[in-house]
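The values are calculated or read from the model by the stated rules, or taken from the named source; none is laboratory data. Here the structure is a predicted model, which means the values were calculated and not measured. Because the Cβ atoms are built from the backbone with ideal geometry, glycine has one as well, and the counts that use them run over all protein chains shown. Side chains are part of the model used for accessible areas, which takes the heavy atoms of the whole protein and leaves out ligands, DNA and RNA. Shrake-Rupley method; radii C 1.70, N 1.55, O 1.52, S 1.80 Å.
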Amino acid sequence: MQYGVERILTILVDNNVPMPYQQVKKSLYNGDVKEFVSLLNSIKKSIPYLIHKEKFNEGYFHSFFHVALTLIGMRPLSEVATSDGRIDMVINCPKTIYIMEFKYSPNDKDLSKVALEQIKSKKYHQPYIIQQKPIIGIGYSFGEVTREITNYRDETLYIPGIILELLTMII
């Protein structure tokens, strides 16, 4: 019995990643997108302004996401090619798949709706249905003025056994 408890604790706690950063991973694994965004913004805000690039763009924020998530032990896939375009980022968690689209605004305009609509209109989730996990689309909006995620929108795109498109037509 003791070995079982130790094994579970080893899986839940990654000693190579500081505890506060493990919370980022845990929040996404638990489906708490709001907490995930809040924690990523906290990490982003810890970067001194003196070492920021002069010019920001979508690639700057995308690369921050990619590096930060890789360092905490996640395996983000960036610029994933599909038959209809390129997905900015896919994160395949044990129980859920996240499809992410990033939009940048030099004046902090909220573009999260545009980002989420791109995921939906290009049906970026379809190649992942075969894995039979829930799929969540998240559209992010980044702002130059605030230098952080200014807003996000998330939506369930697929639940195993349920065809969401038919469900929305009925409702």
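Do you know which residues across the stretch 98-115 are among the charged types (D, E, K, R) and open to solvent by less than 80 Å² (accessible area, probe 1.4 Å)? Listed by number, the residues that qualify are Glu101, Lys103, Asp108, Asp110. Screening the candidates Lys113, Lys109, Lys120 for the property of being out of contact with any Leu (no Cβ under 8 Å at 6 or more places or on another chain) and either closer than 19 Å to Leu28 by Cα or assigned to a helix (DSSP H, G or I) (or both) yields one hit, Lys113.
So is Glu117 of a type outside the set (Ser, Thr, Tyr) and closer than 16 Å to Asn41 by Cβ or not? For Glu117, the condition - of a type outside the set (Ser, Thr, Tyr) and closer than 16 Å to Asn41 by Cβ - is not met.
Within the stretch 62-97, restricting attention to residues that are touching a strand residue (DSSP E or B) at 6+ places or on another chain (Cβ under 8 Å), part of a loop (DSSP other than H, G, I, E, B) and free of Cβ contacts under 8 Å to residues at least 24 places away in the same chain, the residue that is surrounded by the most Cβ atoms within 10 Å (Cβ to Cβ) is Pro76. Taken as a whole, the structure leaves Gln118 outside the set of residues that are open to solvent by 60 Å² or more (accessible area, probe 1.4 Å) and of a type outside the set (D, E, K, R).
Is at least one residue of the stretch 78-101 under 12 Å from the mean Cα position of the chain (by Cα) and small (Gly, Ala, Ser)? Taking every residue of the stretch 78-101 in turn, at least one turns out to be under 12 Å from the mean Cα position of the chain (by Cα) and small (Gly, Ala, Ser). For the stretch 121-142, a tally of residues being open to solvent by less than 20 Å² (accessible area, probe 1.4 Å) and within 18 Å of Phe36 (Cβ to Cβ) returns 7.
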